[in-house]
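Notes follow once the structure below has been shown.
The values are calculated or read from the model by the stated rules, or taken from the named source; none is laboratory data. It should be emphasised that the depicted structure is a prediction, and the values quoted were computed from it without experimental measurement. Here the Cβ is made from the backbone with ideal geometry for all residues, glycine too, and neighbour counts use every protein chain on show. Just the protein is used for accessible areas: all its heavy atoms, side chains included, with ligands, DNA and RNA removed. Shrake-Rupley method; radii C 1.70, N 1.55, O 1.52, S 1.80 Å.
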Amino acid sequence: MSEESSSPSAARHPTSAIRLGVVICDCGKAIARRLDTESLRRRAAALPDVVYTAREAYPCSKDGQARLRQAIRDQGLNRVLVAGCTPRLVEKLFREAGRAAGLDDACVEVTDIREQCAYVHDGDAQTMTEKAHNLIEMGVERLAAISLPQVHTGRVVKSAMVMDGGLSGLTVALSLADEGIDVTLVEPGGALGDLQPPLSSPPSDGGNRGGAGARRLIAERIEAVSRHPRIRTLLNARVTDVTGRPGDYEVRLTHGGQATTFGVGAIVVAADANPKRIGHERWYDRSRVKTQIEFEQELSAPSQADGDLAAKDIVMILCAEEAGGGRCSRVCCLAGIRQAVRVKQIHPDAKVTVLFRNLYLGGSGDLHADELEQARRLGVTFFRYQKEQPPTIGEETVDVPDPLTGEPLRVPFDRVVLAMPIEAPHLAGRLAALLHLPQDEHGFLVEPRVRLRPGRTVDDGVYVVGGAHQPVDTAEALLQAYATGARAARFLSQTEIRIEAPVAEVDASLCTGDGHCVPVCPTAALTLVRSELQGVLSLAQVEPLRCTGCGNCVVACPVKAISLPGWNDAAILAQISAA
């Protein structure tokens with residue numbers, strides 16, 4: 001049942017005037033049994049700028065939303081307040097209804113009189129009703145005083161740039177090019193493909209052992225890229241500057257001794273992480289002590305196909321050196337297990353011992369547990385050591401204390417394989433500065449909200465894939481590359497970018513160019529530009545397609561030169577005055 005009231009002068013109001021509608025929700029009896037909702041409706045009708053009021057049993061229902069849309073059209077409403085339950089539950093529904101009737105989202109507000117009044121107070125109905133009326137009045141005053149956000153649009157350039165020509169970069173480039181998108185593939189080195197064989201490849205891939213199968217995959221990708229008419233490859237190229245906005249970037253790079261500028265709509269960072277090299281802090285017999293990468297090359301040599309393995313006693317030391325802060329490199333354990341399996345397949349009589357602290361198999365549950373079990377069946381020995389007592393490499397043996405007895409255990413070796421920490425790409429810092437991307441304490445590029453937006457970055461037009469944001473194996477690199485290619489293709493399929501959310505606005509007459517706003521912006525949407533009046537860096541400028549409306553700059557500005565539509569000071573002060 002609905003009770004409505006509208007002003008008799010509704011039709012005489014000019015369209016530019018504030019025309020506000022208030023809907024009081026009974027919420028069945030959850031609100032109406034404790035509050036006098038009819039009194040709330042009558043008192044709301046007497047508030048300034050309110051030309052329409054109604055009581056609804058369930059305004060959030062489909063019928064209730066339909067009546068709200070009809071009232072907006074019939075009464076010419078340009079602001080709507082719904083007094084009911086918590087905005088977290090229903091605000092999206094009412095804003096969708098308002099949007100369907102032509103209202104901006106900022107023009108629809110929900111005031112909570114259920115959780116904040118009816119549910120939490122045991123006082124008399126008159127006192128609770130008075131509080132509810134005060135909340136409604138505050139909401140009405142705020143709606144009447146808000147400034148509406150402008151709609152910002154920007155073009156989308158139908159091309160992409162992929163940085164780095166490793167497995168991830170090659171796969172993304174082909175994925176985009178197959179969708180009809182022009183791709184510029186920028187490789188800082190002199191050739192495409194990974195400089196080193198990938199780690200943690202499956203032990204058998206279509207008849208190809210370990211890294212050999214991955215290298216063949218990379219070779220196939222390189223061949224496809226070189227033949228694709230929509231892919232332009234630039235070798236020995238270096239990106240020097242990136243400007244613009246999502247969908248319309250200007251990338252400057254040096255190539256062949258010349259500076260070139262490209263206009264692209266999306267940028268994909270696909271730089272590969274690199275294992276740490278054995279340093280000079282300790283002396284090792286490098287003919288017998290290898291890194292996992294070097295041992296991968298030894299296993300993948302053509303001579304190994306006939307079962308000729310020079311080393312008979314092999315000791316693998318996982319977590320051989322701590323990455324800064326003890327970061328797990330994620331792929332070393334599984335790579336070590338797979339290498340151990342391949343050694344036993346090549347030479348069943350070889351003695352393989354894996355020294356580990358913790359075994360990370362790349363996921364939860366029983367993922368890859370079958371490979372661990374296969375290694376044990378083949379006779380690979382696993383021995384845990386303590387972080388405080390790491391193995392010591394001698395001339396003929398690796399000495400490691402037994403964590404149970406404390407007695408030293410000596411393992412003879414022909415070959416020691418060290419699982420070195422995997423470090424961020426050496427270009428990660430420069431790319432992070434150019435693209436305004438955050439880095440973790442180890443230098444990897446990170447997603448700002450990994451749980452809410454996995455695989456996403458600050459800009460919708462910038463994507464990070466592969467080892468640029470964390471160490472990955474071959475399978476994960478391919479999965480991320482295909483997913484990123486699909487995201488980027490969907491982004492570039494738009495005809496334009498349209499931003500209707502509140503965007504920060506700068507009052508040039510008040511701005512002093514002090515720069516407090518620039519460092520607090522999480523999306524690098526604010527820059528200082530030369531003022532036309534003073535000719536110096538003294539005016540803050542907002543890039544609307546980068547701004548997310550967080551409000552950090554509004555708080556940081558000491559002279560109140562920045563405002564956020566829908567949350568301007570006038571609206572907040574109006575609420576305070578009503579309270």
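Does ARG415 meet the test of being open to solvent by 20 Å² or more (accessible area, probe 1.4 Å) and touching a Phe, Trp or Tyr at 6+ places or on another chain (Cβ under 9 Å)?
yes
Taking the stretch 497-511 as the search range and keeping residues that are out of contact with any Pro (no Cβ under 8 Å at 6 or more places or on another chain) and within 18 Å of SER531 (Cα to Cα), which one is most open to solvent (accessible area, probe 1.4 Å)?
By that ranking, first place goes to SER509.
Across the stretch 129-149, what is the total count of residues that are among the hydroxyl-bearing types (Ser, Thr, Tyr) and assigned to a loop (DSSP other than H, G, I, E, B)?
Residues flagged as among the hydroxyl-bearing types (Ser, Thr, Tyr) and assigned to a loop (DSSP other than H, G, I, E, B) within the stretch 129-149 amount to 1.
How many residues, within the stretch 130-145, are open to solvent by 10 Å² or more (accessible area, probe 1.4 Å) and either of a type outside the set (Gly, Ala, Ser) or under 30 Å from HIS228 (Cβ atoms) (or both)?
Number satisfying all stated conditions: 9.
Which of the residues spanning the stretch 82-128 are outside any strand (DSSP E or B) and of a type in the set (S, T, N, Q)?
Selection gives THR86, GLN116, GLN126, THR127.
Might you let me know whether the stretch 259-281 holds any residue that is open to solvent by 10 Å² or more (accessible area, probe 1.4 Å), over 30 Å from GLY336 (Cβ atoms) and either at pLDDT below 90 or polar (S, T, N, Q) (or both)?
yes
Is there a residue in the stretch 219-240 that is at pLDDT below 90 and in a loop (DSSP other than H, G, I, E, B)?
No.
If I filter the stretch 469-496 down to residues being of a type in the set (D, E, K, R) and open to solvent by less than 50 Å² (accessible area, probe 1.4 Å), which single residue comes out as farthest from PRO246 (Cα to Cα)?
The selected residue is ASP473.
Quickly run through the stretch 392-416 and pick out the residues that are part of a loop (DSSP other than H, G, I, E, B) and within 20 Å of LYS312 (Cα to Cα).
GLY394, GLU395, GLU396, PHE413, ASP414
Output the residue which, of all residues in the stretch 360-377 that are open to solvent by 50 Å² or more (accessible area, probe 1.4 Å) and part of a loop (DSSP other than H, G, I, E, B), is modelled with the highest pLDDT.
Top of the filtered list is TYR360.
Could you tell me which of the residues THR171, THR153 is closer than 30 Å to ARG252 by Cα and in a strand (DSSP E or B)?
Every option except THR153 fails the conditions.
Under the condition of being under 20 Å from the mean Cα position of the chain (by Cα) and not β-branched (Val, Ile, Thr), which residue from the stretch 520-542 is least open to solvent (accessible area, probe 1.4 Å)?
Of everything passing the filter in the stretch 520-542, ALA525 is least open to solvent (accessible area, probe 1.4 Å).
Of all residues in the stretch 382-409, which are more than 12 Å from LEU355 (Cα to Cα) and either in contact with a His (Cβ under 6 Å, 6 or more places away or on another chain) or of a type in the set (D, E, K, R) (or both)?
GLU388, GLU395, GLU396, GLU407
Open to solvent by less than 80 Å² (accessible area, probe 1.4 Å), without any contact (Cβ under 8 Å) to a residue 60 or more places away in the chain and under 24 Å from HIS436 (Cβ atoms) - does that describe any residue in the stretch 562-578?
yes
Please go through the stretch 38-85 and pick out each residue that is open to solvent by 30 Å² or more (accessible area, probe 1.4 Å) and among the hydroxyl-bearing types (Ser, Thr, Tyr).
The answer is TYR58, SER61.
Return yes when ILE24 is modelled with pLDDT under 95, over 38 Å from the mean Cα position of the chain (by Cα) and either buried (at least 19 other Cβ atoms within 10 Å of the Cβ) or assigned to a loop (DSSP other than H, G, I, E, B) (or both) and no when it is not.
For ILE24, the condition - modelled with pLDDT under 95, over 38 Å from the mean Cα position of the chain (by Cα) and either buried (at least 19 other Cβ atoms within 10 Å of the Cβ) or assigned to a loop (DSSP other than H, G, I, E, B) (or both) - is not met.
Can you find a residue that is at pLDDT 95 or above and either under 42 Å from the mean Cα position of the chain (by Cα) or among the polar types (S, T, N, Q) (or both) anywhere in the stretch 43-53?
yes
Among the strands (runs of 3 or more DSSP E) lying completely within the stretch 247-289, list those that include at least 2 residues that are free of Cβ contacts under 8 Å to residues at least 24 places away in the same chain.
Per the criteria, 248-255, 258-264.
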